[in-house]
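Shown next, in structure tokens, is the structure this report addresses.
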Amino acid sequence: MDRLKNIVLIGFMGSGKSSVGKALSEQLNYQFKDTDDLIEADQDTSISNIFSIHGEEYFRHLETKLLLSIHDTLDKAVLSTGGGMPIREENMKLLASMGQVVYLKASQATIIDRLSGDTTRPLLKGETLKERVENLLLTRAPYYEKAADIIINTDGKSVDDIVKEILKTLKLAEQS
Ligand code: S3P
């Protein structure tokens, strides 16, 4: 596994990791993998069900287990990760060793806009969406920044624009 040949996308729920990841992988002719999809396929159930039956800690354990299982085989891949993935120290290290880590940063307003009406994400249940996003973003932002090799601001940008910016920034980083 060549770390430089994989790209890992991290960021808050609704920051566009899956849509950007798919477009980026097509552009590079890379494989696209999504940690949530892989966990759902492996467990043969939805993330929502995993949370409601086993709880969040169990899901976090599945995330680490998944990273360990794909770690050595990732080759020319774009890996989109669940929003909580880099919060565990162990995951942060694994992600760093798997590829160039790109943080897709989005403002609270953009995130709220994208997530309103979402019923698939267990962590958004309960409080109002605004409070939930505000609190989670506050605690998570430092982890995303720490885990990132590069940070791309996504507010107001199209998927194509974001893909172009990632490629341009990674090329420059490669040269320096
Ligand atoms: C989570 C984000 C979700 C999913 C799960 C938990 C989180 O993925 O992994 O619902 O902790 O932020 P997305 O970021 O793809 O929505």
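The values are calculated or read from the model by the stated rules, or taken from the named source; none is laboratory data. All of these numbers come straight from a predicted model, not from anything done at the bench. With ideal geometry, Cβ positions are generated from the backbone for all residues, glycine too; neighbour counts draw on all protein chains shown. Side chains included, ligands, DNA and RNA excluded: accessible areas come from the protein's heavy atoms. Shrake-Rupley method; radii C 1.70, N 1.55, O 1.52, S 1.80 Å.
State whether the residues of the stretch 98-117 include one that is in contact (Cβ under 8 Å) with a residue 24 or more places away in the chain, of a type outside the set (S, T, Y) and more than 29 Å from D155 (Cβ to Cβ). Within the stretch 98-117, not a single residue is in contact (Cβ under 8 Å) with a residue 24 or more places away in the chain, of a type outside the set (S, T, Y) and more than 29 Å from D155 (Cβ to Cβ).
For the stretch 65-112, taking the residues that are polar (S, T, N, Q), part of a helix (DSSP H, G or I) and open to solvent by 20 Å² or more (accessible area, probe 1.4 Å), the one that is nearest to L124 (Cα to Cα) is identified as Q108.
Being out of contact with any Leu (no Cβ under 7 Å at 6 or more places or on another chain) and at pLDDT below 95 is a property that holds for G126. Tell me whether the stretch 11-24 contains one or more residues that are in a helix (DSSP H, G or I), away from the ligand (no atom under 15 Å from the Cβ) and touching an Asp or Glu at 6+ places or on another chain (Cβ under 9 Å). Yes. I162: open to solvent by 70 Å² or more (accessible area, probe 1.4 Å) and under 16 Å from the mean Cα position of the chain (by Cα), yes or no? So I162 fails the test. On the given criteria, is D44 farther than 22 Å from T119 by Cα, surrounded by fewer than 19 Cβ atoms within 10 Å (Cβ to Cβ) and away from the ligand (no atom under 14 Å from the Cβ)? Here the answer is no, as D44 does not meet what is asked.
Only one of the listed residues (M85, M92, M98) is within 15 Å of the ligand (Cβ to nearest atom), farther than 15 Å from G14 by Cα and of a type outside the set (G, A, S). That residue is M92.
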